[in-house]
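One structure is given below, encoded as structure tokens.
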Amino acid sequence: MSESPKLRPPSRDTIAALVRIVGEEHAITDEADMAPYLTEWRDRYRGKAALVLKPGSTEEVAAILACANAARIAIVPQGGNTGLVGGQIPFESGHEVVVSLERMTHVRDIDLASNTMTVEAGLVLAVAQQVADSAGRLFPLSLASEGSAQIGGVLATNAGGMAVLAYGSARDLALGLEVVMADGRVWHGLRSLRKDNTGYDLKDLFIGSEGTLGIITAAVLRLFPKSVERVTCIAGIKELERAPAFFARVYERAGPMLTAFEILPRLGVEFVLKHGSRTRDPLSTPYPWYLLFEFSSPRESDEPRTIAEGLLGEGIEADEIADAAIAGSLTQTQELWRLRELMSEMQKHEGGSIKHDVSVPVARVPEFIVRANQLVELMIPGARPVPFGHLGDGNIHYNVSQPPGMDKAVFLANWEALNAAVHEIVLDLGGSISAEHGIGRMKRDLLPHAKDAVALELMHKIKASFDPNGILNPGKLL
Ligand code: FAD
């Protein structure tokens, strides 16, 4: 990245001032101790930093930003460091300061009448789910990274995950935010109102802004009734083209009871069976594709199971699915979901994997996969596509594993070229080059090509007005 001329490396005095704000025990200056904050789990991005700061309160975050803004120091906000586009990792200059929210984990309020909870940004998503559960409610955001991802991180990336179909993405689950602005002022937007038509929705600007407009320090999150009935189904399909019709049938019948609808390719299932533990082949005969879907209800009732049984019968009769099973126990439910949850991680054992996080209209998912597979075979003969993901919202993780035996580095050298070619297909089908992971560093240079010119100009103006000195996560997103 060429650094903005407005930004400067921090002087010794500035570093000392920043350390004083959080206290020495919450500041890391030693290079080796900083390492976990400077690399991401896939080791795709490695950065350097002048300092890592771990503030314990909104006031400390505000003081850090006021100091950094005055001294023109670049700040990289970081949550659980699970982001997949490199947004949370500093660049290689060593001039940036990482601000980790990990100490800000308080649950400030639970309001059962409003069905909300107010939590600090560093609370881990899985802990937030447990807090809601203990209060007799459901916080439905669910991602494979939920054991590490933090509330601030999932809001900053507008994370999606498994339950978007029924509950929406992170944006739909937040009613209010507290955000520290680039100059250190605090926007007190912790409102729990469902209705508030008082002008521009600032909350929605910060959600999905990937740490470039402000640092989220707390949020009011929506809670839902807990699901007491949960029916998980798996169906084998022979022809991918039939999947959207079956989805339409299921959605029409189950409506809001349908809480997930995922697609898995046989090759990905085989990777999970080979490398993962506590898994089993879901049906007696292998199929090229599987649909994994779930019905939930907050009431004790046979309705979800009756609907599931009826739909599976109808789907087989209409030749949309070839075979199907319903999980008969909690263990079977968990085994089915492990096929999906381990799918990304297990690809690591098969060598290099080139990834895409894209969305297209649901009806065009088969066309997208067929066209992208043909392209891959043309560009890297023998490479193994593993397209999987959230079919119900058109979001496909189009991952491609290397040909067996090929040198990993040689394969990965195709990353940019393959991304560009696959994204061409996505745009041609009216889709998005980033469905849920964001833009970060990885897709920054692709954005001008994929985004409407007017929208992009407005985004630059918003950035300049929120962060005139460009200190917040420079070089990411824009
Ligand atoms: P980080 O990775 O630390 O940061 C992500 C971005 O947010 C960075 O740009 C950072 O600067 C910014 N940021 C972090 N905290 C703040 C804050 N408090 N204020 C302002 N900016 C902040 N994503 C999905 O949407 N759906 C999935 O199903 C999904 N599955 C995943 C599975 C795995 C195994 C992994 C590793 C990741 C997955 N992700 C998924 C990626 C997803 O983006 C992250 O898991 C999560 O949203 C990021 O949270 P985090 O706390 O780790 O943020």
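The values are calculated or read from the model by the stated rules, or taken from the named source; none is laboratory data. These figures come from a predicted structure and were not determined experimentally. Here the Cβ positions follow ideal geometry from the backbone for every residue, glycine too, while neighbour counts run over all protein chains shown.
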Next on the checklist: Condition first: away from the ligand (no atom under 16 Å from the Cβ) and not in a helix (DSSP H, G or I). Now tell me which residues in segment 355-388 satisfy that.
Outcome noted: 360, 361, 380, 381, 382, 383, 384, 385
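Residue-wise test of (1) within 22 Å of residue 62 (Cα to Cα); (2) hydrophobic (A, V, I, L, M, F, W, C); (3) free of Cβ contacts under 8 Å to residues at least 24 places away in the same chain; (4) touching a Cys at 6+ places or on another chain (Cβ under 8 Å).
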{"position": "115", "(1), (2), (3), (4)": "no, no, no, no"}
{"position": "122", "(1), (2), (3), (4)": "yes, no, no, no"}
{"position": "127", "(1), (2), (3), (4)": "no, yes, yes, no"}
{"position": "130", "(1), (2), (3), (4)": "no, no, yes, no"}
{"position": "140", "(1), (2), (3), (4)": "no, no, no, no"}
{"position": "149", "(1), (2), (3), (4)": "no, yes, no, no"}
{"position": "180", "(1), (2), (3), (4)": "yes, yes, no, no"}
{"position": "183", "(1), (2), (3), (4)": "yes, no, no, no"}
Next on the checklist: Quick check on segment 129-176: of everything there that is among the aliphatic types (A, V, I, L, M) and part of a strand (DSSP E or B), which residue is nearest to the ligand (Cβ to nearest atom)?
Outcome noted: 174
Next on the checklist: Every residue in segment 86-96 that is among the hydrophobic types (A, V, I, L, M, F, W, C) and surrounded by fewer than 24 Cβ atoms within 10 Å (Cβ to Cβ), please.
Outcome noted: 91
Next on the checklist: Tell me the residue from 245, 254, 182, 235 that is small (Gly, Ala, Ser) and out of contact with any Leu (no Cβ under 8 Å at 6 or more places or on another chain), please.
Outcome noted: 245
Checklist entry - Restricting attention to segment 180-188, does a residue exist that is buried (at least 24 other Cβ atoms within 10 Å of the Cβ) and within 16 Å of the ligand (Cβ to nearest atom)? => result yes
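Can you tell me which residues in segment 389-415 are of a type in the set (A, V, I, L, M) and either in a helix (DSSP H, G or I) or under 26 Å from the mean Cα position of the chain (by Cα) (or both)?
Of everything in segment 389-415, those that are of a type in the set (A, V, I, L, M) and either in a helix (DSSP H, G or I) or under 26 Å from the mean Cα position of the chain (by Cα) (or both) turn out to be 391, 396, 400, 409, 410, 412, 413.
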Next on the checklist: Can you pull out every residue in segment 126-146 that is modelled with pLDDT of 95 or more and touching a strand residue (DSSP E or B) at 6+ places or on another chain (Cβ under 7 Å)?
Outcome noted: 128, 131, 132, 135, 137, 138, 139, 140, 141
Next on the checklist: Just to be sure before I move on: is residue 301 at negative phi and either at pLDDT below 95 or under 25 Å from the mean Cα position of the chain (by Cα) (or both) in the structure I sent?
Outcome noted: yes
Item to check | Looking only at segment 319-361, and only at residues there that are of a type in the set (D, E, K, R) and within 27 Å of residue 229 (Cβ to Cβ), the one that is surrounded by the fewest Cβ atoms within 10 Å (Cβ to Cβ) | outcome: 338
Item to check | Which numbered condition residue 469 misses (of (1) crowded, with 20+ Cβ neighbours inside 10 Å; (2) polar (S, T, N, Q); (3) within 22 Å of residue 7 (Cβ to Cβ)) | outcome: (1)
Item to check | Filtered residue count, segment 189-234, keeping only those that are of a type outside the set (A, V, I, L, M) and within 16 Å of the ligand (Cβ to nearest atom) | outcome: 11
Item to check | Checking residue 436 against (1) under 17 Å from residue 417 (Cα atoms); (2) within 16 Å of the ligand (Cβ to nearest atom); (3) not aliphatic (A, V, I, L, M), the condition it does not meet | outcome: (1)
Next on the checklist: Please count how many residues of segment 112-125 are over 14 Å from residue 155 (Cα atoms) and touching a strand residue (DSSP E or B) at 6+ places or on another chain (Cβ under 9 Å).
Outcome noted: 5
Checklist outcome for this item: Considering residues that are within 11 Å of the ligand (Cβ to nearest atom) and in a loop (DSSP other than H, G, I, E, B), the number found within segment 45-95 is 14
Next on the checklist: Condition first: surrounded by fewer than 13 Cβ atoms within 10 Å (Cβ to Cβ) and in contact (Cβ under 8 Å) with a residue 60 or more places away in the chain. Now tell me which residues in segment 267-291 satisfy that.
Outcome noted: 274, 278
Item to check | Matching option when the condition is assigned to a helix (DSSP H, G or I), under 15 Å from residue 343 (Cβ atoms), modelled with pLDDT of 95 or more and more than 24 Å from the chain's Cα centre (by Cα), among 270, 252, 314, 309 | outcome: 270
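When you scan segment 447-476, how many residues do you find that are out of contact with any Gly (no Cβ under 7 Å at 6 or more places or on another chain), in a loop (DSSP other than H, G, I, E, B) and in contact (Cβ under 8 Å) with a residue 60 or more places away in the chain?
Of the residues in segment 447-476, 7 are out of contact with any Gly (no Cβ under 7 Å at 6 or more places or on another chain), in a loop (DSSP other than H, G, I, E, B) and in contact (Cβ under 8 Å) with a residue 60 or more places away in the chain.
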Checklist entry - Does segment 306-313 contain at least one residue that is surrounded by fewer than 20 Cβ atoms within 10 Å (Cβ to Cβ) and over 29 Å from residue 361 (Cβ atoms)? => result yes
Next on the checklist: Among the listed residues 213, 264, identify the single one that is part of a loop (DSSP other than H, G, I, E, B), within 25 Å of the chain's Cα centre (by Cα) and crowded, with 22+ Cβ neighbours inside 10 Å.
Outcome noted: 213
Checklist entry - Considering only residues of segment 439-463 that are closer than 28 Å to residue 381 by Cβ and surrounded by fewer than 16 Cβ atoms within 10 Å (Cβ to Cβ), which is farthest from the ligand (Cβ to nearest atom)? => result 449
